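Shown next, in structure tokens, is the structure this report addresses.
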Amino acid sequence: MKVLVVGSGGREHAIIKSLKKSKRVSKIFAAPGNGGISCDAECVQIKAVDISAMTEFAVQQVIDYVVVAPDDPLALGMVDVLEEKGIPCFGPGKAAARIESSKVFAKDLMKKYDIPTAKYEVFDSAKKALKFVVSDNAAFPLVIKADGLALGKGVIIANNSREASEAIEAIMIEKKFGESGSNIVIEEFLSGPEVSVLAFTDGKTVLPMVSSMDHKRAFDGNKGPNTGGMGVIAPNPYYTQDIAAICEKTIYLPTIRAMQNEGCPFKGCLYFGLMLTNKGPVVIEYNCRFGDPETQAVLPLLETDLFEIMEAVTYERLSQIEIKWSKASSACVILASGGYPDSYKTGFAISGLDENGQSAEEAVVYHAGTALKNSEFLTAGGRVLGITTTAADQNKAIEKAYKAVKTISFEGKHFRSDIGKY
Ligand code: AMP
Ligand code: GLY
């Protein structure tokens, strides 16, 4: 099988490394990929959102299967276009991708089908939203969310009506996130540990993967701005078997049935962003794709052939397969460029990697933002590398990851030193 993986981050590198182990896969292309990915796949310089160039390439190269990993090509309908050309894909079509690309769609779905989530109101005009946040109905803190995709930055927690008004103005009037902010959701603030659960689903059957814990803030102690994720441990220690059983019954199955009922069955990886509140688990967000960096910690624990699972999703026979997971734990520590998630410089040489972009330590290095020039790896993004280790014991996995982190350097290297110390 000739497989094309769309995307260029650490998540895509983890997917590619996992697919490389499959007996069914003979050749992997990545578009556009990155420096480290080029050691495991042939990189093709096509932007992840360029649907026509991607389709042309897939047709010309007679690609057998395409994995569309990032949110934007999914939201733009890349899977629908490729499937029209007869190329099977992993990932939802445009209608099902709305579960991530429209928070209004996701919230209304949960309300209609009684799936636990924060109480909310939708506003389609700044005037009405501004009126609401100064009314007696507004109980602070409140959470304000842009409807559409906003690079993970479209969520603002407002502690009072002034902060709420500023957020509404930034999203709806100044259009800080473009058309994503034409509608907003204002919802109640909840608290509790957060859990990421990625699940394979073919639209009928849903098979959750090992749970994980992301660390979204930039600095130790959960301080600083939100990032795409600074590190992950898997499994998530808060996610007990009892909680998993509740989630299965009240969240996972109802979501799959709801999407079916709405005429847009979800096929691919559905990401449940959960919060364990004192009233039980609730959905904070859905993503229509593998999480980044959750994937870098979860896939190393997968013992079943990933390609076989992906095919079972595409051909709707997930109920017929058994997915095996290692009982071990994993930890992934992200090395980022100094300044990330705000402005940062790139182009710095990375030391401590061999010619395949790997470490001499017992760890797997997933490349998120690197370039390979004259046999040297250079920084080329905000998140640069994800260092993943596995061990029977979670603390051991974390310790091993930090041991490897010490041996890799570049100017401005920034990482959190408290991954897994919840
Ligand atoms: P989202 O992009 O929807 O996942 O939101 C990003 C982060 O904002 C989440 O991981 C939470 O930490 C926080 N958040 C979102 N919604 C709420 C909420 N209703 N209450 C408290 N925190 C929230
Ligand atoms: N790590 C969060 C996400 O993938 O959205």
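Which residues, counting only those in the range 354-379, are part of a loop (DSSP other than H, G, I, E, B) and crowded, with 22+ Cβ neighbours inside 10 Å? Reasoning before the result, please.
Kept after step one, since they are part of a loop (DSSP other than H, G, I, E, B), are these residues of the range 354-379: 354-363, 368-369, 374-375.
Within the range 354-379, 357, 363, 368, 369 meet the criteria.
Residues checked against (1) out of contact with any Leu (no Cβ under 8 Å at 6 or more places or on another chain); (2) among the β-branched types (Val, Ile, Thr); (3) exposed (fewer than 15 other Cβ atoms within 10 Å of the Cβ):
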{"site": "131", "(1), (2), (3)": "yes, no, yes"}
{"site": "143", "(1), (2), (3)": "yes, yes, no"}
{"site": "173", "(1), (2), (3)": "yes, yes, yes"}
{"site": "179", "(1), (2), (3)": "yes, no, yes"}
{"site": "205", "(1), (2), (3)": "no, yes, no"}
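Hey, among 214, 202, 242, which residue is of a type outside the set (A, V, I, L, M, F, W, C) and farther than 27 Å from residue 75 by Cβ? Spell out how you get there, then give the answer.
On the way: 214 fails: farther than 27 Å from residue 75 by Cβ; 202 fails: farther than 27 Å from residue 75 by Cβ.
Unique residue meeting the criteria: 242.
If only one of 287, 278, 261 is crowded, with 18+ Cβ neighbours inside 10 Å, modelled with pLDDT of 95 or more and polar (S, T, N, Q), which one is it? Outline the logic, then answer.
Details: 278 fails: crowded, with 18+ Cβ neighbours inside 10 Å; 261 fails: crowded, with 18+ Cβ neighbours inside 10 Å.
The conditions single out 287.
Applying the selection to the range 285-299, what residues are of a type outside the set (A, V, I, L, M, F, W, C) and either away from ligand 1 (no atom under 15 Å from the Cβ) or touching a His at 6+ places or on another chain (Cβ under 7 Å) (or both)? Working first, answer last.
Going through the range 285-299, the residues of a type outside the set (A, V, I, L, M, F, W, C) turn out to be 285-287, 289, 291-296.
Hits for the range 285-299 are 295, 296.
Criterion first (under 18 Å from residue 216 (Cα atoms), at pLDDT below 95, surrounded by 15 or more Cβ atoms within 10 Å (Cβ to Cβ) and within 16 Å of ligand 2 (Cβ to nearest atom)) does residue 341 satisfy it? It would help to see each step written out before you state the result.
On the way: under 18 Å from residue 216 (Cα atoms): yes; at pLDDT below 95: yes; surrounded by 15 or more Cβ atoms within 10 Å (Cβ to Cβ): yes; within 16 Å of ligand 2 (Cβ to nearest atom): yes.
Here the answer is yes, as residue 341 does meet what is asked.
Please identify the pairs in which a residue from the range 220-233 that is closer than 21 Å to residue 150 by Cα and in contact (Cβ under 8 Å) with a residue 60 or more places away in the chain has its Cβ atom under 8 Å from the Cβ atom of a residue that is among the β-branched types (Val, Ile, Thr) and within 12 Å of ligand 1 (Cβ to nearest atom), counting only partners at least 6 apart or on another chain.
Partner pairs satisfying both residue conditions: 226/155.
Hey, can you tell me all the residues within the range 157-195 that are aromatic (Phe, Trp, Tyr) and modelled with pLDDT of 95 or more? Give the derivation first.
Just the residues of the range 157-195 that are aromatic (Phe, Trp, Tyr), to begin with: 177, 189.
189, the sole residue that qualifies.
Cβ-Cβ distance below 8 Å, separation of 6 or more or different chains: which pairs start in the range 47-69 with a residue that is closer than 20 Å to residue 22 by Cα and end on one that is of a type in the set (Phe, Trp, Tyr) and in a loop (DSSP other than H, G, I, E, B)?
Qualifying pairs under 8 Å: 69/290.
Residue 111 - would you say it is in a loop (DSSP other than H, G, I, E, B) and either free of Cβ contacts under 8 Å to residues at least 40 places away in the same chain or out of contact with any strand residue (DSSP E or B) (no Cβ under 6 Å at 6 or more places or on another chain) (or both)? Before the answer, list the steps.
On the way: in a loop (DSSP other than H, G, I, E, B): no; either free of Cβ contacts under 8 Å to residues at least 40 places away in the same chain or out of contact with any strand residue (DSSP E or B) (no Cβ under 6 Å at 6 or more places or on another chain) (or both): yes.
No, not satisfied.
Within the range 182-222, how many residues turn out to be away from ligand 1 (no atom under 11 Å from the Cβ), over 26 Å from residue 92 (Cα atoms) and in contact with a strand residue (DSSP E or B) (Cβ under 6 Å, 6 or more places away or on another chain)?
Summing the residues that are away from ligand 1 (no atom under 11 Å from the Cβ), over 26 Å from residue 92 (Cα atoms) and in contact with a strand residue (DSSP E or B) (Cβ under 6 Å, 6 or more places away or on another chain) in the range 182-222 gives 1.
Which of the numbered conditions does residue 40 fail, given that it passes all the others? Conditions: (1) closer than 26 Å to residue 294 by Cα; (2) in contact with a Pro (Cβ under 8 Å, 6 or more places away or on another chain).
(2)
Under the condition of being among the β-branched types (Val, Ile, Thr) and more than 16 Å from the chain's Cα centre (by Cα), which residue from the range 259-296 is nearest to ligand 2 (Cβ to nearest atom)? Full working, then the answer.
Pass one, the range 259-296, residues among the β-branched types (Val, Ile, Thr): 277, 282-284, 295.
After this cut, where a residue has to be more than 16 Å from the chain's Cα centre (by Cα) as well, the list is 277, 282.
Numbers: 277: 19, 282: 17 Å.
The residue in question is 282.
The values are calculated or read from the model by the stated rules, or taken from the named source; none is laboratory data. Fair warning: this is a prediction, and the values are worked out from it, not measured in the lab. Cβ: placed from backbone, ideal geometry, glycine included. Neighbour counts: every protein chain shown.
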